[in-house]
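Step one of this worksheet: look at the structure below.
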Amino acid sequence: MTAENNPNSHIEAYLDYYCSLSHAPGFAVLLKGQWGAGKTWFIKKYYEKLKADKQKCLYVSLYGMTTFSEIEDAFFQQLHPVLAFKGMAITGKIFKEAIKSTTKFDIEKIKLETKGNLPDYLKDADKSILIFDDLERCKIKLGSILGYINYFVEHQDLKVIIIANEDELLKESSYKDIKEKLIGKTFGVSLDFEGALGNFITVANNPKVGQFLSDNNQLLQKLYEEAEFENLRILKQVVLDFERIFDNLPEKAQKKPELRKEILTILTVFSIEIKSGRMQPKEINELEEEYESALRNQRMKRMRRQDTNSVEEENIEQPTLLQKMLTRYPNLKFKLHEPFPSKVWWQTFFDKGIIDAEELEQSLSSSKYFQDENTPNWIRLWHFYDLTDDDFSDLLKKVESEYCNRQFSDIREIKHITGILLKLSDIGLYSRTKAEILGNSKCYIDKFIKEAQPEKLRQAIALALDTFSGYLGLEFSGRELPEFQEFVGYIKEAYESERLKSMPNDAQDLLATMQSDIWKFYKMICPRSLENQDVSGIYCEIPILKHIDPAVFVDKLLLMNPEHQQLLGYALTKRYELDWVNEKLLEELDWLKSVKALLLKEADNRKGKLSGYYLNLLVGNYFDKAIEKLEAKHPPA
């Protein structure tokens with residue numbers, strides 16, 4: 001890197017002068033800066049330069065150190081790597097005496113103990129330059145550690161460089177007085193973004209990632225500037241995270257530079273905001289609502305300017321922290337509230353560290369990066385923030401026409417289009433009101449229900465209701481709007497209506513299942529549990545049993561073997577085990593009582609027979625308990 005591109009070249013020039021002095025200057029040099037600003041990276045790079053120039057220097061990080069002996073141990077390991085790491089014995093007494101000044105050793109005593117030849121450089125180790133990093137994170141009292149460092153400067157005539165976040169040191173009242181005596185020159189280390197990024201890129205294993213990050217150096221630096229952020233440790237994490245994401249991208253996505261650039265941009269912004277504590281991962285999902293709220297506030301402000309004075313305007317709601325975040329990156333306001341691949345994907349990534357491959361693949365297939373002439377118009381309109389005015393107007397007309405002509409047969413697509421139109425209306429980009437859009441969408445559902453086959457209709461509506469946040473990797477637009485929520489409720493009502501119509505037939509199918517596969521019957525009517533995982537309890541909250549004639553049910557039960565009768569009874573007790581489920585099953589109470597009465601009558605007819613005995617047990621062990629649970633929610637009058 002040239003001096004013109006290195007913001008700290010003046011510091012390096014002064015250190016060159018300081019370290020090359022032939023005499024002891026009698027003061028230390030302080031390099032200060034905020035945490036993560038690159039102080040350690042700068043001094044370690046300079047440390048390597050000193051070593052390359054054959055200048056003896058010792059470096060120690062004071063982070064977490066509690067005693068002077070720990071510092072001396074760190075220096076000793078650098079001065080005597082053989083002694084420190086190969087188990088060559090030194091007695092405690094000799095070690096303490098030798099290390100006392102860190103730089104002046106009793107060579108003869110050490111040679112006597114180790115019976116070996118030591119390197120010549122140890123004979124004049126007192127000419128070393130000492131570097132103390134992370135001063136503010138040392139656990140030794142500030143006055144004591146500074147007095148310790150001052151001993152090297154004042155009594156050992158050594159050159160000392162100290163690295164610290166001075167803002168933390170200034171919290172100690174004694175610091176200023178000690179600094180005046182010890183430190184003769186202070187420099188603020190500036191953020192060397194380009195140099196740090198170049199260094200961090202070397203940790204990337206994938207050369208394609210390294211080259212891409214180098215090519216986008218200016219993008220990353222611009223994001224840091226917009227964020228007014230100076231923590232380079234997070235930049236290193238961005239490099240590592242991006243490589244991990246890149247390696248999980250399908251090959252077709254790796255070949256899309258703009259796609260990679262968008263992922264890098266979103267990753268960097270969210271990393272800065274989350275790791276600086278300005279945003280939580282769960283708030284990623286709230287960015288769209290905050291963005292829309294900010295737009296509404298802006299419209300309100302413009303309207304009030306026309307009707308009120310400036311004093312009243314000050315009462316307009318102040319921007320939230322998330323809205324302020326969106327304004328920090330003016331060129332990204334159309335990306336952050338609908339981030340690619342998706343809000344759900346990014347929230348999972350930052351909250352759990354998981355790369356959701358399935359969600360990623362779905363988002364890629366429906367993204368703007370893989371659109372062609374076969375891409376549905378509504379998907380292209382979903383990405384309206386990337387459209388020109390003319391393209392937007394043209395697409396909106398096409399989608400509106402397709403929608404009005406009822407060209408969609410998947411309710412999940414209908415939900416998407418309804419949400420898009422509601423959102424566009426809400427932000428003033430579509431002329432129809434939200435009430436008109438909602439009415440039209442309800443009519444669409446009515447027509448769909450009227451024309452679809454009953455079984456296919458139930459499946460289609462069930463899929464739509466199971467799809468909560470989005471479909472095809474795209475989140476539903478406008479889902480926070482009351483009109484969209486009312487539309488989803490309307491679909492649910494339609495489903496309930498169709499379900500009730502089909503209930504008698506479904507009940508007969510369930511009765512047939514009871515006869516053919518009692519274990520499947522159990523799973524269908526009972527809440528999902530550890531023992532009921534592979535088949536969901538599709539009727540666990542639906543009072544379907546009341547649609548079975550009690551006499552027919554008893555006739556079928558009597559044809560079952562005793563073991564299956566017992567399992568049937570067990571299924572009924574498990575069905576009514578949860579109070580919150582029983583709220584929805586109260587309509588089955590009279591049915592249970594009718595079945596119980598018929599079973600007791602049959603048991604009486606078989607009095608003295610084993611089968612009669614079994615029927616009484618069945619009622620007492622299972623039906624009575626089921627009735628008791630339901631009556632607890634609906635006591636008899």
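Quick look at the numbers
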| quantity | calculated |
| --- | --- |
| Globularity index of the stretch 328-425, i.e. its alpha-carbon radius of gyration over 2.2 N^0.38 Å | 1.19 |
| Entries in 520/596; 398/450; 51/139; 423/450; 282/335; 609/629 that, when Cα-Cα distance is taken, lie over 19 Å | 520/596; 398/450; 51/139; 423/450; 609/629 |
| Ordering of 603-611, 488-496 by packing [mean C-beta count within 10 Å, highest first] | 488-496, 603-611 |
| Amide H contacts under 5 Å for residue 61, placed H, 5+ residues apart | 133 |
| Cβ-derived FRET efficiency at R0 45 Å, residue 222 paired with residue 141, nearest 0.05 | 0.55 |
| Karplus (6.51, -1.76, 1.60) ³J(HN,Hα), θ = phi - 60°, over the stretch 218-234, in Hz, Gly and Pro reported as x | 5, 4, 5, 5, 5, 5, 4, 5, 5, 7, 6, 10, 9, 9, 7, 4, 5 |
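Read the figures in this text as sums done on the coordinates, not as results from a lab. What you see is a predicted model; the values in this text were computed from it and never measured. With ideal geometry, Cβ positions are generated from the backbone for all residues, glycine too; neighbour counts draw on all protein chains shown.
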